[in-house]
Structures are given as structure tokens and as C-alpha cells.
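Colleague: Dropping a structure here in C-alpha cells format, bear with me for questions.
The values are calculated or read from the model by the stated rules, or taken from the named source; none is laboratory data. Just so you know, these numbers come straight off a predicted model, no measurement behind them. Ideal geometry is used to build each Cβ from the backbone, glycine not excepted, and the neighbour counts take in all protein chains shown.
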Amino acid sequence: MSSETPEAKASRASRKDDHVRLASAQQTEGPRRTDFDDLEFVHHALSGTSPDRVDLSVNLGDWTWPTPFYVNGMTGGTETTAKINRDLAIAAAETGLPMACGSMSVALDDAEAAKGFTVIREENPDGFVMGNLGAGRSADDARRAVELLRADALQLHINPVQETAMPEGTRDFSTWMSGLEDIVDACPVPVVVKEVGFGLSRRTLTQLAEIGVRFADVSGAGGTDFLRIENDRSGAADFSMLTGFGQSALACLLDAPPEWTGATGSTSAAASTTGSTTAARSNAATGDSAGPGAVPSRVLLASGGVRNPYDVVKALACGARAVGVAGTFLQTVLDQGAEGLVELVHTWQTQTSALFALLGAQRSTDLLGTDLLTRGRLGEFARLRGID
Ligand code: FNR
């Protein structure tokens with residue numbers, strides 16, 4: 001039995017459906033320039049290898065994933081979104097992609113809504129599945145969410161910008177840090193802390209490391225824009241003044257602290273700046289002090305605005321161990337169902353191997369040895385943050 005009033009239930013259902021509808025509308029707006037366009041590889045014409053030598057699997061310490069990209073947390077809890085989760089799960093099962101669901105709060109006290117999440121396990125009984133909850137939930141909720149989905153990991157989203165703009169959102173974030181700590185301590189599976197498209201800063205990543213978080217998805221700006229989604233929902237107070245708030249995934253990766261990158265003797269994971277608008281990232285500034293192939297004690301994931309395999313490769317080259325994709329895959333299942341996503345994932349796998357070969361990388365960690373240039377907004381960010 002649901003403990004929600006019928007009004008609260010209807011409002012929650014309409015929010016879930018609004019999110020999908022408005023995220024999809026953003027996907028169909030056509031291309032826009034993002035920080036991914038401000039990162040370039042210096043081309044070395046004789047450094048390539050063969051795609052036959054490429055191994056796309058990634059070692060995240062606790063797990064090995066077959067591809068360096070995954071389906072990020074999106075939805076569940078209504079009839080429409082259950083169908084989306086079903087299609088995503090079918091595609092994930094067929095391609096071996098790890099997959100997360102959207103926030104499961106609703107599933108914890110509504111058996112009907114829970115079916116929109118458990119469908120993921122039914123369609124993908126042996127796959128790698130992540131549950132999802134927001135900051136502010138209890139450790140007991142986290143345990144129940146994991147149990148409901150037989151989840152391999154739990155995504156915990158921290159989304160203060162979205163909450164600020166959301167008509168029914170919370171404005172009090174004062175207990176989030178202690179709540180997170182409780183969940184990290186009590187959760188039976190590893191916790192992946194993520195943003196929802198505004199980025200995790202250097203300071204935030206340090207705070208997460210201090211409470212024992214070992215997996216973080218920086219989920220930066222430039223892709224699905226939840227500020228705009230919430231502003232576009234009816235009844236929203238206008239927070240469009242915050243447009244552009246937050247950092248992109250690449251900015252977060254370049255700025256990540258050593259406790260997440262394993263880099264020694266430097267304040268940042270990556271880049272060495274060579275000028276006010278151009279930054280070059282060199283091989284040495286990477287991965288971990290035990291060598292680029294070793295698994296650091298903490299694992300950085302990235303997402304936010306990933307449109308194609310080139311974006312995936314760029315995020316890996318900036319230090320992500322794997323890359324989450326939400327809006328792009330959502331649009332594919334909405335337009336072409338599970339079959340369309342299976343085809344797209346196969347294309348991405350082939351193209352990612354080809355890009356690795358072009359860049360001379362046999363494994364994703366070899367990309368940490370590529371020469372990178374940052375320009376424009378991203379270059380400016382690197383300069384202002386003193387990344388060198
Ligand atoms: C999301 N995202 C999300 N994240 C989360 O942790 N819990 C959630 O419930 C949701 N809900 C949700 C709904 C929809 C429709 C979308 C498209 C996305 C955020 C998502 O995981 C990701 O962090 C951002 O969308 C940025 O990635 P993309 O969309 O630019 O690839």
C-alpha cells in the first residue's frame with residue numbers, strides 16, 4: 001500500500017513523465033557547442049594501433065565492465081517510464097552494458113510503482129544493475145532499494161541545483177553530508193555518488209573521499225539541463241538566472257583532486273597549461289602513482305552531455321574510468337525502442353575501438369598518455385583553476 005496521498009502520487013507521476021518529455025525535447029533541439037568541443041587530441045600520425053588489439057573492458061577495482069560506457073540513472077515509477085526502463089534493460093542485457101535506474105524513492109512505499117524498476121531485473125537478471133536514490137534518504141531506504149533490485153551498486157544523486165529550481169524541491173541541504181555518510185557506512189553494496197548535470201567540484205570530491213566514498217560520477221553540465229527542465233515545468237519559480245551554473249564533466253575531471261586520480265606532486269589530475277587559452281595535458285599527469293594501468297583506490301566516472309564515442313574517449317583521456325550516458329540513450333529508446341539502442345551500442349563499440357586504435361590505445365588507461373589541448377571555455381576554466 002502506498003503511504004502517499006492520491007494528489008502527491010499524481011504530482012510525482014507527472015514529474016517523472018515531465019522529466020522524460022522535457023529531456024527528450026532538449027535532445028531534439030539540434031547540436032550545441034559544449035566543453036567536449038573544446039578538447040582536442042594532438043594528432044600523431046604514426047602512433048596508432050590495430051582495433052584487433054583493443055580491449056574495451058574497464059577495470060573498476062570491484063568490477064570489470066565490458067565497455068567503457070553505461071546507461072546512466074534516469075527513470076521509473078510510472079507506466080510510461082516502466083516501458084522505458086524495460087527497453088533500456090533489454091538493450092543492456094543484450095549488449096552487456098551496465099545500467100542504472102532513476103530515483104527509487106517512490107518504489108519504496110508503492111508496490112505498483114516498484115514494478116517500473118523491478119522490470120529491469122526481470123529483463124536483465126544477470127547484468128550489472130545500479131539502484132538510485134537521492135541525498136536525504138535514510139540508510140534503511142538505501143538497503144531496501146538495493147534489495148528490491150538486487151542491485152550491484154547504488155547510485156546516490158546529489159542535485160541541489162535541480163532541487164532549488166524544482167517547484168516541489170527541498171531548499172535545505174544542511175543534512176545531506178551526514179546522511180550520505182550514514183548510507184555509505186550501511187549500504188551493502190558500493191555507493192556511486194553522482195550529480196545530475198551540474199558537476200562535482202574538487203572540494204566536493206575531497207569531501208566525498210573523506211567520508212569513504214570510492215565511486216563518483218561527476219555528471220557535469222552541457223547535456224541534459226535540469227535547471228531548464230524544472231523551469232519549464234508548470235508552477236516553477238523562475239530560476240533561469242542560474243543558466244550556465246555548474247561545471248562540465250571535462251572541467252571536473254581536469255580539476256579532480258589527487259585522492260581521486262592518484263596523481264602525485266601536483267594539485268590536479270591532468271592538464272599542463274601552455275598559454276592562457278590553450279592547455280596541453282601530458283602523459284605523466286594521470287591515473288595513479290602505481291602506473292596508468294593500475295586501479296586507483298577511488299574511481300572517477302563521468303557523464304553529462306555525452307553524444308558519441310568521441311566524447312566517451314575524451315572523458316576517458318581526462319581520467320574517467322567509465323562514462324555514463326542518459327539523454328542520448330533515452331532518445332534512442334524513445335525513437336527506436338530496445339532494438340534501436342542495441343544497434344547504437346554496437347556501433348559505439350566498433351567506433352570506440354576504432355578511436356582507441358587511431359590514438360594508439362590498446363586499453364582505456366592508455367588514453368591517459370595522449371596529448372590533449374584545451375581551448376575556449378574549457379581552456380579558460382583550466383587557466384582560472386591554475387591547472388598545470
Ligand atoms: C536523469 N538523471 C537522473 N539522475 C539520477 O541520479 N536520478 C534520477 O532519477 C535521474 N533522472 C533523470 C531523468 C531523465 C529523463 C534524464 C535524462 C536524466 C540524470 C542523469 O543520470 C545524468 O546525470 C544527466 O542527465 C546528465 O547526463 P546526460 O543526460 O547529459 O547524458
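Colleague: If you check Ala45 against the conditions, is it aliphatic (A, V, I, L, M) and not in a helix (DSSP H, G or I)? Give the derivation first.
Modeller: On the way: aliphatic (A, V, I, L, M): yes; not in a helix (DSSP H, G or I): yes.
So Ala45 fits the description; yes.
Colleague: Within the bounds of the stretch 319-330, is there any residue that is over 22 Å from Cys101 (Cα atoms), in contact (Cβ under 8 Å) with a residue 24 or more places away in the chain and crowded, with 18+ Cβ neighbours inside 10 Å? Before you say what the answer is, go through the steps one by one.
Modeller: Filtering the stretch 319-330 for residues over 22 Å from Cys101 (Cα atoms) gives 319.
Narrowing further to those that are in contact (Cβ under 8 Å) with a residue 24 or more places away in the chain: 319.
Pick out the ones that are also crowded, with 18+ Cβ neighbours inside 10 Å and you get 319.
Among the residues of the stretch 319-330, at least one is over 22 Å from Cys101 (Cα atoms), in contact (Cβ under 8 Å) with a residue 24 or more places away in the chain and crowded, with 18+ Cβ neighbours inside 10 Å, which makes the answer yes.
Colleague: Mind checking which pairs have a first residue in the stretch 353-370 that is under 11 Å from Gly319 (Cα atoms) and a second that is surrounded by fewer than 21 Cβ atoms within 10 Å (Cβ to Cβ) and charged (D, E, K, R), Cβ under 9 Å, 6 or more apart or different chains?
Modeller: From residues that are under 11 Å from Gly319 (Cα atoms), the pairs are Ser364/Asp55.
Colleague: Hey, another quick one. Just to be sure I understand the filter: pairs with C-beta atoms under 7 Å, separated by 6 or more residues or on different chains, first member in the stretch 190-205 and free of Cβ contacts under 8 Å to residues at least 60 places away in the same chain and farther than 11 Å from Ala216 by Cβ, second member among the polar types (S, T, N, Q) and assigned to a helix (DSSP H, G or I). Which pairs pass?
Modeller: Sorted first by the residue in the stretch 190-205, then by its partner, the pairs are Val196/Gln162.
Colleague: Among the residues of the stretch 27-49, are any at pLDDT 95 or above, within 15 Å of the ligand (Cβ to nearest atom) and of a type in the set (A, V, I, L, M)?
Modeller: No - not one qualifying residue is present in the stretch 27-49.
Colleague: Looking only at residues in the stretch 90-104 that are free of Cβ contacts under 8 Å to residues at least 60 places away in the same chain and not in a loop (DSSP other than H, G, I, E, B), which one is nearest to Gln155 (Cα to Cα)?
Modeller: Met99
Per-residue answers, yes or no, for (1) assigned to a loop (DSSP other than H, G, I, E, B); (2) closer than 29 Å to Gln26 by Cα:
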site: Leu148; (1), (2): no, no
site: Glu168; (1), (2): yes, yes
site: Ile183; (1), (2): no, no
site: Val189; (1), (2): yes, no
site: Ala209; (1), (2): no, no
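Colleague: Checking the structure you have, find out if any residue of the stretch 51-69 is in contact with a Ser or Thr (Cβ under 9 Å, 6 or more places away or on another chain), within 16 Å of the ligand (Cβ to nearest atom) and under 27 Å from Gly244 (Cβ atoms).
Modeller: Among the residues of the stretch 51-69, at least one is in contact with a Ser or Thr (Cβ under 9 Å, 6 or more places away or on another chain), within 16 Å of the ligand (Cβ to nearest atom) and under 27 Å from Gly244 (Cβ atoms), which makes the answer yes.
Colleague: Please determine whether any residue of the stretch 110-124 is within 18 Å of the chain's Cα centre (by Cα) and polar (S, T, N, Q). Before you say what the answer is, go through the steps one by one.
Modeller: Taking the stretch 110-124 first, the residues within 18 Å of the chain's Cα centre (by Cα) are none.
No, because not a single residue in the stretch 110-124 is within 18 Å of the chain's Cα centre (by Cα) and polar (S, T, N, Q).
Colleague: What number goes with the only condition from (1) under 18 Å from Pro98 (Cβ atoms); (2) aliphatic (A, V, I, L, M); (3) touching a helix residue (DSSP H, G or I) at 6+ places or on another chain (Cβ under 9 Å) that Ala209 does not pass?
Modeller: Of (1) under 18 Å from Pro98 (Cβ atoms); (2) aliphatic (A, V, I, L, M); (3) touching a helix residue (DSSP H, G or I) at 6+ places or on another chain (Cβ under 9 Å), only one is false for Ala209: (1).
Colleague: From the list Leu200, Leu227, exactly one residue is within 26 Å of Phe329 (Cβ to Cβ) and assigned to a helix (DSSP H, G or I). Which is it?
Modeller: Only one candidate passes the filter, namely Leu227.
Colleague: For the stretch 106-146: of the residues being among the charged types (D, E, K, R) and outside any helix (DSSP H, G or I), which is modelled with the highest pLDDT? Lay out the reasoning, then the answer.
Modeller: Residues of the stretch 106-146 that are among the charged types (D, E, K, R), as a first pass: 109-110, 112, 115, 121-123, 126, 137, 140-141, 143-144.
Remaining after also requiring outside any helix (DSSP H, G or I): 109-110, 126, 137.
Working: Asp109: 88, Asp110: 94, Asp126: 98, Arg137: 95.
The residue in question is Asp126.
Colleague: OK, next. Hey, any hits in the stretch 179-197 for a residue that's within 16 Å of the ligand (Cβ to nearest atom), within 17 Å of Pro257 (Cα to Cα), touching a helix residue (DSSP H, G or I) at 6+ places or on another chain (Cβ under 7 Å) and of a type in the set (Gly, Ala, Ser)?
Modeller: no
Colleague: For Ala256, are the conditions met, namely being within 24 Å of Arg15 (Cα to Cα) and either away from the ligand (no atom under 16 Å from the Cβ) or crowded, with 24+ Cβ neighbours inside 10 Å (or both)? Can you show your working first?
Modeller: Numbers: within 24 Å of Arg15 (Cα to Cα): no; either away from the ligand (no atom under 16 Å from the Cβ) or crowded, with 24+ Cβ neighbours inside 10 Å (or both): yes.
Against the criterion (within 24 Å of Arg15 (Cα to Cα) and either away from the ligand (no atom under 16 Å from the Cβ) or crowded, with 24+ Cβ neighbours inside 10 Å (or both)), Ala256 does not qualify.
Colleague: Run down Thr75, Thr81, Thr67 and say which single residue is in a loop (DSSP other than H, G, I, E, B) and farther than 25 Å from Leu355 by Cα.
Modeller: Working: Thr81 fails: in a loop (DSSP other than H, G, I, E, B); Thr67 fails: farther than 25 Å from Leu355 by Cα.
Matching residue, one of Thr75, Thr81, Thr67: Thr75.
Colleague: Anything in the stretch 85-120 that is surrounded by fewer than 21 Cβ atoms within 10 Å (Cβ to Cβ) and within 14 Å of the ligand (Cβ to nearest atom)? List them, or say none.
Modeller: Ser105, Leu108
Colleague: Here's something else I'd like to know. Pairs, please: C-beta under 7 Å, at least 6 apart or cross-chain, first residue in contact (Cβ under 8 Å) with a residue 40 or more places away in the chain and in the stretch 105-125, second part of a helix (DSSP H, G or I) and of a type in the set (Phe, Trp, Tyr)?
Modeller: Ala107/Phe117
Colleague: Within the stretch 16-26, is even one residue assigned to a loop (DSSP other than H, G, I, E, B) and either surrounded by 14 or more Cβ atoms within 10 Å (Cβ to Cβ) or polar (S, T, N, Q) (or both)? Working first, answer last.
Modeller: Keep residues of the stretch 16-26 that are assigned to a loop (DSSP other than H, G, I, E, B), which gives none.
Within the stretch 16-26, none of the residues are assigned to a loop (DSSP other than H, G, I, E, B) and either surrounded by 14 or more Cβ atoms within 10 Å (Cβ to Cβ) or polar (S, T, N, Q) (or both).
Colleague: Moving to a separate point now. Filter the stretch 139-177 for residues that are surrounded by 17 or more Cβ atoms within 10 Å (Cβ to Cβ), among the polar types (S, T, N, Q) and either within 25 Å of Ser240 (Cβ to Cβ) or more than 22 Å from the chain's Cα centre (by Cα) (or both) and give the result.
Modeller: Across the stretch 139-177, the qualifying residues are Asn159, Gln162, Thr164.
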